[in-house]
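Structure, as structure tokens:
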Amino acid sequence: MIKLLLGVAAAALCLILPGYWAYVAGTVAATVIVGAGLNVLLGLAGEVSLGHAGFLALGAYGVALLELRAGLPFGVALVLATAGAAAVGAALSVPALRVSGPYLAMVTIAFGFIVDNAAVEWASLTGGASGLSGVPAPMGTRGMAALSCGLAGAVLAAWAWFARSPAGLAMQAVAQAPAAARSIGIGALPVRTLAFVLAAAAGGLAGGLMVGLTGFVAPSSFPFSTSILLLLVVVVGGAGKVWGPVLGAVAVAALPEALSGLAEYRLLVFGALLLAVLWVAPGGIAGGLEAAWRRVRRGRALVVAPSGGLVPVRGGGLDVRGLAVSFGGVAAVAGVDLVAPPGRITSVIGPNGAGKTTLLNLISGFQPSDAGEVVVHGGTLARTFQTAQPFAGLSVLNTVRLGLLRGRWRGAAPASEAAGLLAAVGYAGPLEALGGTLPHGDRRRLELARALATRPAVLLLDEPAAGLDAPDTRRLGEVLRRVAAAGVAVVLVEHDMDLVMGVSDSVVVLDAGRVIARGAPEVVRADPAVRAAYLGSGAKPPSARRMAPGAALLEVAGVRAGYGGLGVLQGVSLAVRGGETAAVLGANGAGKTTLMKALAGLIRPSAGSVRLAGVELSGRPAHAVARAGLVLVPEGRQVFPRLTVAENMRLGATTRRDFLPGPEIEAMLVRFPKLRPLLTRPAGLLSGGEQQMLAVARGLLARPRVLLLDEPSLGLAPAVAEALLEQLAALAAEGMTLVIVDQLADGVLAIAAHGIVLGGGEVVRAGPADGLRAGLEAAYLGGEVACSTV
């Protein structure tokens with residue numbers, strides 16, 4: 001209502017302003033209208049248009065031609081021109097929205113150029129470069145300005161309503177977390193198409209008003225720079241904020257006029273002021289004001305009531321039959337059968353690279369399968385994600401309300417029902433809090449509540465306990481039992497084995513995409529095949545010969561690290577002497593890869609110390625850590641796929657001035673003879689084992705003082721993994737200092753002199769390699785509860 005009242009007040013003011021300033025006010029109002037349309041496209045749907053001046057031109061030429069050539073009154077011409085711009089926007093959205101990012105921007109730029117050139121070349125209709133003049137404006141300058149201001153108020157009121165509507169919430173969800181939006185039934189293409197059409201209609205309306213203000217239209221009225229200025233209106237004002245177009249239009253359209261007394265310096269001052277605004281308030285003027293208001297209101301937001309429950313679900317569970325998919329000839333999931341009955345928790349576990357998340361993606365439709373079928377009996381399916389994906393700009397309450405709508409753009413989504421679901425999953429924070437501001441535990445609860453809001457018969461959970469502390473994990477287990485008790489078939493992929501073994505009715509174990517065991521938790525835990533998959537006890541241990549260690553080389557003390565607000569490592573310590581090999585072991589999700597990234601400088605520790613030969617490295621960036629001699633061979637190999645094998649090797653020695661390409665690369669080929677015939681082949685065409693050999697060779701050519709190896713055997717065939725472990729044993733025998741993270745625990749312990757076992761980001765065991773073997777089964781498959789030193 002306040003937007004309408006301000007529009008009426010502005011319209012009344014325009015009727016008494018002098019002619020020139022009434023024209024300025026009308027221009028600002030028209031800019032507000034087109035800015036509001038772009039605010040739908042950019043602020044809500046997250047898409048960028050750099051050719052929006054084309055829609056202004058369509059609206060302007062449409063009104064001018066309909067008045068001058070067809071003799072229609074201005075009001076009718078304005079409505080028809082606006083509808084025509086919307087129709088063109090709908091047609092353009094078909095090719096435009098099948099691309100994104102810079103490609104969408106290029107499509108819209110091309111559209112703007114097409115409109116501009118058509119206006120010039122079609123002179124018989126448009127007047128060519130000279131344009132059309134004498135366009136009737138029955139209300140005069142003041143009247144047109146008043147009309148523009150009134151319509152601007154109406155458009156702002158409509159924008160505010162639309163942003164809170166199911167369609168507006170859906171746009172924000174698609175822009176902020178598209179995968180999560182799909183998981184609750186929201187299709188991205190219809191949502192983005194609607195945003196494009198609304199933005200085009202607003203552009204056409206604004207163009208029609210502008211030609212009414214000036215009585216003239218020509219190609220020069222809407223140059224490419226206009227599209228940039230319109231985008232600047234939204235960005236400076238505040239994308240996604242209702243008052244953003246107003247503040248942006250005042251800044252971009254009115255401020256230059258106010259600075260006109262500065263003559264040739266006005267654009268310089270104008271640009272400096274815009275830069276200052278974006279420096280102080282990156283979210284725009286409205287975004288900065290809103291953030292300040294939120295700080296003032298902090299602590300006074302509504303809190304979820306402590307009551308709430310889950311609606312019983314009637315469904316027949318999930319049947320997965322022969323599901324399979326391959327990537328590049330490698331079977332990620334190979335003929336998996338899975339039955340998840342209603343009212344029960346079925347867990348899927350397995351070592352890194354077993355295919356667990358791929359299986360969930362196949363079941364939920366995020367990845368098409370090569371074979372097999374998925375049958376959900378008597379209901380729908382919902383899921384959560386390995387990394388929490390909140391709708392960052394939506395409130396907690398609106399996020400769950402969007403789930404209640406289940407992809408519909410109409411229907412009821414009561415706030416009380418959403419609040420009850422939040423309470424049922426243990427959320428006790430402010431309902432008005434934005435998803436992007438929540439701590440990690442609350443993000444997990446919100447994601448679970450959002451999934452449950454769709455009332456699924458089957459719920460897929462991908463590592464919901466990742467990053468949770470022990471009390472939160474216990475509470476999660478209680479929530480999962482209540483969800484199952486409500487009749488939902490729960491499929492849980494989780495690395496926390498204590499949680500899995502404590503809540504599961506049955507467990508399915510994957511290894512290399514195949515089911516190797518299934519049954520009750522106690523049966524699976526005792527299965528020799530499961531132990532072999534987790535610990536590598538079926539692999540032939542390499543022959544290891546250890547040299548006498550030197551002085552302390554790598555000293556890690558009390559390292560804490562994580563990602564954003566998620567703490568992963570909780571004070572990890574490790575000491576490695578020169579010439580030693582140390583093993584870092586633990587279940588999936590224990591923090592092993594995070595530790596390797598923290599040591600290599602890829603993430604900065606929040607506390608603790610990392611010293612290499614007495615030099616502190618914990619505050620240095622990754623490239624400086626590598627130059628100091630602490631070199632990481634990352635998980636997943638991460639070779640440069642378009643460069644040849646030889647080029648990949650040479651890049652390993654980039655920072656060395658003493659690199660001798662011929663003899664040193666020859667030494668790597670002697671160590672890894674399979675790479676010799678592949679020197680000129682792009683690295684992306686190599687097999688997994690060949691890529692891993694190349695990654696190790698690249699790391700060695702950096703001449704590291706300590707070589708960090710993160711899961712070097714991941715995804716390799718047993719014979720290839722054994723050959724790689726033999727090469728690592730040879731490096732250890734030559735005196736290379738190694739720190740190895742690997743799922744083949746028995747093979748790594750045959751090389752290592754000592755090591756640590758991580759659990760929940762903490763060191764739960766530490767000591768000589770021989771002593772670490774005892775208790776590894778508990779650490780990997782549940783039961784390790786206390787720290788110990790062997």
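For LYS241, a cut-off of 15 angstrom between C-alpha atoms picks up these aspartates and glutamates, skipping any fewer than 8 places away in its own chain: GLU290.
LYS674: which aspartates and glutamates have alpha carbons under 14 Å from its alpha carbon, excluding same-chain residues fewer than 8 sequence positions away? Answer for LYS674, where 14 Å is the Cα cut-off: GLU666, GLU690, listed by chain and number. Taking the 1.4 Å solvent-accessible surface of the chain as the whole, the part contributed by carbon and sulfur is 61%. Note on the range 389-454: with charges restricted to the Cβ of Lys and Arg (+1) and Asp and Glu (-1), its dipole about the Cα centre is near 240 debye. Computed with every protein chain present, the accessible area of ARG443 is close to 70 Å² [probe 1.4 Å]. In this view, the solvent-accessible surface of HIS377, computed with a 1.4 Å probe and all protein chains in place, comes to about 60 Å².
Straight-line reach from LYS356: taking Cα to Cα under 12 Å and skipping same-chain neighbours fewer than 8 places apart, the aspartates and glutamates in range are ASP462, GLU463, GLU494, ASP511.
Among the trypsin sites (Lys or Arg not before Pro) within the range 395-426, those in coil by DSSP and having at most 11 neighbouring Cβ atoms inside 10 Å are ARG410. Its relative contact order, with pairs defined as Cα atoms under 8 Å and 6+ residues apart, puts the chain at 11 percent. What the phi angles of the range 137-152 give under the Karplus curve with 6.51, -1.76 and 1.60, with θ = phi - 60°, is a coupling list of 10, x, 9, x, 4, 5, x, 5, 5, 5, 4, 4, 5, x, 5, 4 Hz, glycine and proline written as x. Farthest towards the positive end of the charge dipole of the chain, among the residues PRO456, LEU310, ALA520, is the Cα of LEU310, using unit charges on the Cβ of Lys, Arg, Asp and Glu. Once a ≥ b ≥ c are taken as the square roots of the eigenvalues of the Cα gyration tensor of the range 360-483, is the result rounded (a/c under 1.5), prolate (a/b larger than b/c) or oblate (a/b not larger than b/c)? In terms of gyration-tensor shape, oblate. Within the shell of other residues whose beta carbon sits under 11 angstrom from the beta carbon of ILE516, the net charge comes to +1, with Lys and Arg scored +1 and Asp and Glu -1. Taking all protein chains together and a 1.4 Å probe, the residues VAL191, VAL246 rank VAL246, VAL191 from largest to smallest accessible area.
Here the contact order of the range 1-80, divided by its residue count and restricted to Cα pairs under 8 Å and six or more residues apart, works out to 14 percent. Annotation for the range 345-451: chymotrypsin sites (Phe, Trp or Tyr not before Pro) lying in DSSP loop with at most 15 further Cβ atoms inside 10 Å of their Cβ are PHE366, TRP409.
Evaluated with a Cβ-only charge set (Lys, Arg +1; Asp, Glu -1), the chain carries a dipole of roughly 800 debye about its Cα centre, given to the nearest 20. Rounded to the nearest 20, the size of the Cβ-charge dipole of the range 683-790 about its Cα centre is 340 debye, with Lys and Arg at +1 and Asp and Glu at -1.
Between ALA239, LEU781, TRP161, the Cα set farthest toward the positive side of the dipole of the chain (charges on each charged residue's Cβ, about the Cα centre) is that of TRP161. Rounded to whole numbers, the Karplus 3J(HN,Hα) couplings from phi for the range 386-400 are 4, 10, 3, 10, x, 7, 4, x, 9, 5, 4, 5, 5, 4, 6 Hz, using 6.51 cos²θ - 1.76 cosθ + 1.60 with θ = phi - 60°, and x at Gly and Pro. If you take the square roots of the eigenvalues of the alpha-carbon gyration tensor of the range 69-200 and sort them as a ≥ b ≥ c, do you get rounded (a/c under 1.5), prolate (a/b over b/c) or oblate? Verdict is oblate for the range 69-200.
Taking amide H as placed 1.01 Å from N in the peptide plane, the amide H of GLY238 sits under 5 Å from that of ILE285, ALA286, each at least 5 places away or on another chain. Couplings 3J(HN,Hα) for the range 416-429, derived from phi with the Karplus relation 6.51 cos²θ - 1.76 cosθ + 1.60 (θ = phi - 60°), are 5, 5, 5, 5, x, 5, 4, 5, 5, 8, x, 7, 10, x Hz, where x marks Gly and Pro. When ASP472, ASP496, ASP710 are compared by accessible area of protein heavy atoms, the largest-first order is ASP496, ASP472, ASP710, using a 1.4 Å probe.
Remark: the chain carries 41 Å² of accessible area per residue (probe radius 1.4 Å; ligands, DNA and RNA excluded). In this structure, the amide hydrogen of ALA575, modeled 1.01 Å from its nitrogen in the peptide plane, lies closer than 5 angstrom to those of VAL556, counting only residues at least 5 positions away or on a different chain.
Computed from the C-beta positions of SER609 and ARG98 and an R0 of 30 Å, the FRET efficiency is 0.05 to the nearest 0.05.
Between the residues ILE349, VAL631, THR82, the greatest Cα displacement towards the positive end of the dipole of the chain, with unit charges on the Cβ of Lys, Arg, Asp and Glu, is found for THR82. Pull out a ≥ b ≥ c, the square roots of the eigenvalues of the alpha-carbon gyration tensor of the range 446-598, then state rounded if a/c is under 1.5, prolate if not and a/b is larger than b/c, and oblate in the remaining case. It comes out oblate by the Cα gyration axes. Rounded to the nearest 500, the 222 nm mean residue ellipticity of the chain from helices alone is -15000 deg cm²/dmol, with -39,500 (n - 2.57) taken per DSSP H run of at least 4 residues.
The values are calculated or read from the model by the stated rules, or taken from the named source; none is laboratory data. This one's a predicted model, so the numbers in the text were calculated from it and none came from an experiment. We place every Cβ from the backbone using ideal geometry, glycine too, and count neighbours over all the protein chains shown. Calculation scope for accessible area: heavy atoms of the full protein, side chains included, ligands and nucleic acids excluded. Shrake-Rupley method; radii C 1.70, N 1.55, O 1.52, S 1.80 Å.
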